[in-house]
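Read the figures in this text as sums done on the coordinates, not as results from a lab. These numbers come from a predicted model, not from an experiment. Cβ placement follows ideal geometry from the backbone for every residue including glycine, while neighbour counts extend to all protein chains displayed.
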Amino acid sequence: MNILFTKTIDAALLSKELGSDISAECIEVIRTEPIRISVFDLKNYSLIFTSVNGVRSFFTNQFRPNEDFTAKNYNKIYCVGEKTKRELRKYGFGTFKVLKNAETLSRFIIGNCQHEQFLHFCGNLAIDVLDKDLPLQNIRYKKITVYNTEELYPLVPEKYHATVFFSPSGVRSFAKLNSLEEMKIFSIGETTSNELRKHTTAEIFTSEENNLASIFELIKKEL
């Protein structure tokens, strides 16, 4: 049994989680690079982060949120996924609300945050759920691009029993030159699965949470 991961994962972790019966290989299908932008005042804005790279690039650019809830111009921080939340913690900041994907975050904002204005710190290929939904509800929302994602379009001649995907851009990069047929397809979260459905009619096994622990649990169950 052999399985392909479409990003690099520590070999020791793969061995620990999958054991000796499954041969795991990794390939990078996207590349990210921070963008340097000028720092501006964040007052009166709520901040959105939907990826670890968004968090890292935000702080690389020397932005500093104001989390003092007693202050007049503090920043609420919304994020997608526990991994993004943990990355914010590394920089000493908490989150006001954590949702599992962008669709859930969009619904929460529309239902509960009509009077806030939002800045979304993200990559150039960020999914367009928020900028499609929020302006239609007259919610002030703006994307701030703080990193670039490049799709690498690798050609993978080997055949695998299964392939694991981690982002919509990773799906597009892989699918351009490679078939998604005749193998099991695993996806880390519903947003990535939605992109996969544009490229295949095969069954997609989607993890409940957007993290490695959840995807490993699913793989061990299905393989």
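For the cross-link pairs LYS100/LYS132; LYS85/LYS143; LYS16/LYS176, the ones whose C-alpha atoms lie over 26 Å apart are LYS16/LYS176. Summing Cβ point charges (Lys, Arg +1; Asp, Glu -1) relative to the Cα centre of region 33-149 gives a dipole of roughly 220 debye. Sorted on the mean count of surrounding Cβ atoms within 10 Å across their residues, most packed first, peptides 90-96, 205-211 read 205-211, 90-96. Spatial offset of region 170-223 relative to region 148-166 amounts to 11 Å, using the alpha carbon center of each.
Using per-residue counts of other Cβ atoms within 10 Å, averaged over each peptide, order 214-221, 45-52 from highest down.
Numbers: 214-221: 16.9, 45-52: 23.5.
The densest-packed peptide leads the list: 45-52, 214-221.
For region 80-223, the dipole from Cβ point charges (+1 on Lys and Arg, -1 on Asp and Glu) about the Cα centre works out to 440 debye, to the nearest 20. Each peptide among 71-83, 29-41 gets the average number of other Cβ atoms lying within 10 Å of its residues, and from highest to lowest they stand as 71-83, 29-41.
The mean of 1/r over all pairs of different alpha-carbon atoms in region 106-223, once inverted, gives a Kirkwood hydrodynamic radius of 16.1 Å. Amide hydrogen proximity for LYS7: with H placed 1.01 Å from N in the peptide plane, the residues at 5 or more positions away or on another chain lying under 5 Å are ILE27.
Picking from VAL39, PHE205, PHE186, whose Cα lies most toward the positive end of the charge dipole for the chain (charges on Cβ: Lys, Arg +1; Asp, Glu -1)? The residue sitting farthest along the positive end of the dipole is VAL39. Net charge near LYS220: determine it from the other residues with C-beta under 12 Å of the C-beta of LYS220, scoring Lys and Arg +1 and Asp and Glu -1. With Lys, Arg at +1 and Asp, Glu at -1, the net is -2.
Summed over qualifying helices (DSSP H, 4 residues or more, each -39500 (n - 2.57)) and divided by its residue number, the chain shows a 222 nm mean residue ellipticity of -8500 deg cm²/dmol.
The alpha carbons of region 33-149 occupy a box of 36, 32, 26 Å along the principal axes, longest dimension given first.
Partners of LYS90 within straight-line reach, counting lysines whose Cα lies under 19 Å from its Cα and excluding those fewer than 8 residues away in the same chain: LYS76.
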